[in-house]
Amino acid sequence: MSRLTKPLLFASPEECERAFYEALEAADAEAVVDLWLEDDDVVCVHPNGPRLLGYAAVRASWNSILSNGPLHVRGTSRKSLDTPTVAVHNVIEEVLVGEGKSQQVVSVVATNAYVKTTAGWKMVLHHASQAN
C-alpha cells in the first residue's frame, strides 16, 4: 500500500506506532514525518545523538537518516502506559546493521509518546539509546 492510500488519521497509539516502524522499513521519510505532531515542543533523540526540539528539527533528522535507505528495525517487548489522550510506549528495537556476512542485530531501547488530537494519534517523542 502506498503512503497516499494509507489513512492519515490513526485510531490508536498502537496504529501510529505500527505505521512508524513500517515507514522506517520503507525508508519513507515523508510518512515518518506525517506521524509527528507539528509542534515546537516535540522531541526526538537518536542513539548517541543530541536532543532535537521542534517539528522542523525532527523532520530534518528523519529526512537525513532515511536518505541513506531503510532502517531494518523491529519493535519488541512493548510496555505501555495509556490514558484516553496520552500514551507512552517503551520498546526494545532490534536493528539490523552492517552488510553481507557482517550483519548483526543491535538492541536499542526506545520510548515513544503519543497524544490524541482532532487529527487522530500523533507522535510527540521518540527517544532511543543503544541497550547495554
Worksheet, complete the sentence: Considering segment 6-21, residues that are out of contact with any helix residue (DSSP H, G or I) (no Cβ under 8 Å at 6 or more places or on another chain) and surrounded by 14 or more Cβ atoms within 10 Å (Cβ to Cβ), and then whichever is nearest to Q130 (Cα to Cα), we arrive at Y21
Worksheet item: Here are some residues: L35, L53, L24, L71. Which one is open to solvent by 30 Å² or more (accessible area, probe 1.4 Å) and either touching a Pro at 6+ places or on another chain (Cβ under 7 Å) or closer than 17 Å to K122 by Cβ (or both)?
Response: L53
Worksheet entry | Residue that is farthest from the chain's Cα centre (by Cα) [pool: residues in segment 74-132 that are among the charged types (D, E, K, R) and open to solvent by less than 70 Å² (accessible area, probe 1.4 Å)] | E94
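The values are calculated or read from the model by the stated rules, or taken from the named source; none is laboratory data. Treat the numbers as computed from the prediction; the structure is a model and nothing was measured. Cβ coordinates were reconstructed from backbone atoms using ideal geometry, including for glycine residues, and neighbour counts include every protein chain displayed. We work out accessible area using only protein heavy atoms, side chains counted, and drop any ligands, DNA or RNA first. Shrake-Rupley method; radii C 1.70, N 1.55, O 1.52, S 1.80 Å.
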